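Accompanying notes for the structure given below.
The values are calculated or read from the model by the stated rules, or taken from the named source; none is laboratory data. Being a predicted model, the structure only gives us computed values, none of them experimental. With ideal geometry, Cβ positions are generated from the backbone for all residues, glycine too; neighbour counts draw on all protein chains shown. Quick note on the areas: whole protein, heavy atoms, side chains included, nothing else; ligands and nucleic acids left out. Shrake-Rupley method; radii C 1.70, N 1.55, O 1.52, S 1.80 Å.
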Amino acid sequence: MREALWAELLKVRRSRLPWITALAFTLAALVCGMCMFILADPARARALGLLGDKAQLSGASADWPSYLALLAQAGAVGGGGVYGLIAIWLFGREFSDHTATDLLALPTSRTAIVAAKFAVVAVWSLLLAVLLAGLGLLIGALLGLPSWSVPTAVVGVGRILAAAALAALTTTPLALAASMGRGYLAAVGALFGLVFCAQVIAALGYGAYFPWSVPGLFAGIAGENQDPPDLIGLLLVAATGSAGGITTVFWWNRADHTR
């Protein structure tokens with residue numbers, strides 16, 4: 001396991017993808033901060049035209065609780081797509097780069113290889129969520145948002161990290177899709193399909209029971225008047241993550257790796 005993990009970290013270090021994902025989360029924090037900047041002055045929002053109108057339609061107010069909730073929603077919805085791409089890249093690249101058979105010929109168990117990849121996905125996702133929360137706190141302080149308190153910050157950052165963990169759990173089926181599809185294409189298609197279904201099912205009112213809708217609802221994307229997903233929804237996310245991980249391990253151990 002240690003050797004497999006070291007190899008995966010070496011691949012990540014030599015790739016540009018960590019910087020690209022970090023840039024995506026930096027932009028997310030900046031956009032959320034810009035929304036607060038606009039909402040802090042309604043006259044300025046009206047002067048900005050459509051951009052101001054969109055910010056006002058978000059239903060948020062320019063204070064710390066709303067800002068942290070907006071960051072959690074950005075991390076759960078937009079970040080969920082980024083986490084999915086990370087999982088797809090880690091698993092699909094072995095087939096696209098034609099290194100899968102070489103990797104499996106090493107004196108390292110296939111279970112350890114898959115476990116190392118999932119460990120990298122988990123740590124990578126957590127670090128991106130921490131980056132989002134850290135930048136969010138910095139930007140909020142620079143904007144001088146009202147209603148600051150330590151309990152508010154702890155609850156808000158906790159929600160950001162919890163929503164990120166839920167979103168990361170839903171990426172294991174995408175790792176399976178990248179493995180079975182032996183590359184990126186099938187898994188990226190599955191990611192787009194799941195994102196679309198998550199929006200539609202949430203709009204129909206059944207998102208609390210669709211694992212890929214749960215992170216966004218948990219982050220409060222449906223509004224403060226809507227109850228967050230209950231224990232059943234959270235258990236469905238955990239079950240999806242576990243099932244995807246176990247099935248991916250089984251596939252890597254049982255599939256016919258001819259290329």
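Our coupling estimate for segment 200-209, obtained by passing each phi through the Karplus curve with A = 6.51, B = -1.76, C = 1.60 and θ = phi - 60°, is 5, 5, 5, 5, 7, x, 10, x, 5, 10 Hz, Gly and Pro reported as x. In the chain, the longest principal axis of the Cα atoms and the axis of helix 2-13 are about 50 degrees apart.
Extension gain, L127-V200: 0.36 nm per intervening residue step, less the Cα-Cα distance, totals 23.3 nm.
Looking at the square roots a ≥ b ≥ c of the eigenvalues of the Cα gyration tensor of segment 71-124, which shape do they give, rounded for a/c under 1.5, prolate if a/b is larger than b/c, or oblate? Oblate is the answer for segment 71-124, as a/c is 1.5 or above yet b/c matches or exceeds a/b.
Taken about its Cα centre, segment 69-189 carries a charge dipole of about 140 debye when Lys and Arg each add +1 at the Cβ and Asp and Glu each add -1 at the Cβ. Couplings 3J(HN,Hα) for segment 77-94, derived from phi with the Karplus relation 6.51 cos²θ - 1.76 cosθ + 1.60 (θ = phi - 60°), are 8, x, x, x, x, 5, 4, x, 5, 4, 4, 5, 5, 5, 8, x, 5, 5 Hz, where x marks Gly and Pro. Computed from backbone phi with θ = phi - 60° and the Karplus coefficients 6.51, -1.76 and 1.60, the 3J(HN,Hα) list for segment 194-199 is 5, 4, 5, 5, 4, 5 Hz; x is used for glycine and proline.
Between L166, L204, L236, the Gaussian network model of the chain with springs among Cα atoms under 10 angstrom shows the greatest mean-square fluctuation at L204. For the chain, give the percent of accessible area contributed by carbon and sulfur heavy atoms, probe 1.4 Å, rounded to a whole number. Carbon and sulfur: 69 percent of the exposed surface of the chain.
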